[in-house]
Structures are given as C-alpha cells and as structure tokens.
Amino acid sequence: MCRTRSLILLLLCASLTACGYSFVLDGKVSTEKYNMEATVNRTSLVDAGTILDAHLERTLSSMDMLAPDESRLTLHTTLASFSTETVTAPSVTSTDRYRLHISVACRITDAQGKELWTMKFRDTGTFAEGGRAEDALDEAGRRVSQQIALTLASLTP
C-alpha cells in the first residue's frame, strides 16, 4: 500500500513540475472596464449570440470588468463559425455524445472606433445523441466567455 501511495505522489509531483502553465500574471492585471456590443451571430445556431452575451455579461460583471456607464473601450464579439463531431461512446449499450466547437472573434475598439486589439477564441460543449447542436451552446458559451474574460484581465492598460 505504501508503494502505491509513493508512486501516486511521485507522479503528482512530476506532473506539477512538468506543467508550463502559470496563473501568475506578474502583477500586470488590467483595471479596464468594457462596454459590450451585442454578439453578431454568423452561424445558423439559434439564439447563439444571446446565449454568448448572457455568459459574457455574467463573467465580466463577476470580474468587475463590465462598465456600468460609458467606457472608453468597447468589446465586440462575433460568433464566426461552428462545427460538430461525434465523440464515441465507451460501450455499445450507451448512446453517443457529440461535441460542438464554436469559434468567436473578439475585438476591442476605443471611443473613436479605432481597433486596439483582436483575438479569436475556440471552445466546446457536448450534447447527447438525438439532441441538437444548440443543446451544447450553454456549456460552450460559458467556457469561451471565461477564456475571453481571463484574456482581457491579463491585458496591460
């Protein structure tokens, strides 16, 4: 039993030291607040823009990055594309799951409309066999909005 615990501890330590990702932002956290434009939906997904906007608004508000009034910076988002893929079921008796991939283009403009920053984000959601791609929008929208907010928080003013 002690051997198993030692092996698990060793593997845990190895995985932590091998991880190159860091949560430290070197003290350069943005204090900017953003206005939000409604998401442009260039896909056939029903209500995708509205769902993404709700998640973005909730996430930016929770991080105190949403401007209550006019701000000098505006966040523009476009749901550019989506695709689906089958995720194979672990057994013949269970149903297949499907994965929805969404691609969101973001840009920030100043008060004069000049583009200051642009970036694309991509994330996924899952839905069950017999469902629609829209069933995964909530998960995908939540995940991509968190990516966007964390990226905006790391931008230096």
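Sort through A105, A80, A54 and tell me the only one that's at pLDDT 70 or above, surrounded by 14 or more Cβ atoms within 10 Å (Cβ to Cβ), in contact with a Leu (Cβ under 9 Å, 6 or more places away or on another chain) and of a type in the set (G, A, S).
Exactly one residue qualifies, and that residue is A105.
Collect the residues in region 59-74 that are assigned to a helix (DSSP H, G or I) and surrounded by fewer than 14 Cβ atoms within 10 Å (Cβ to Cβ), keeping them in residue-number order.
Listed by number, the residues that qualify are S61, S62.
Mind checking whether some residue in region 142-154 is farther than 17 Å from M36 by Cα, at pLDDT below 95 and either of a type in the set (S, T, Y) or more than 19 Å from the chain's Cα centre (by Cα) (or both)?
Yes; the residues of region 142-154 include at least one that is farther than 17 Å from M36 by Cα, at pLDDT below 95 and either of a type in the set (S, T, Y) or more than 19 Å from the chain's Cα centre (by Cα) (or both).
Is there a residue being under 18 Å from A149 (Cβ atoms) and either in contact with a Ser or Thr (Cβ under 8 Å, 6 or more places away or on another chain) or in a loop (DSSP other than H, G, I, E, B) (or both) anywhere in region 83-100?
No - not one qualifying residue is present in region 83-100.
All but one of (1) over 16 Å from T109 (Cβ atoms); (2) touching a residue at least 12 places away in the same chain (Cβ under 8 Å) hold for V92; state the number of the condition that does not hold.
(2)
The values are calculated or read from the model by the stated rules, or taken from the named source; none is laboratory data. Since we're looking at a predicted model, the values are computed, not measured. Positions of Cβ are backbone-derived with ideal geometry, glycine not excepted, and every protein chain shown enters the neighbour counts.
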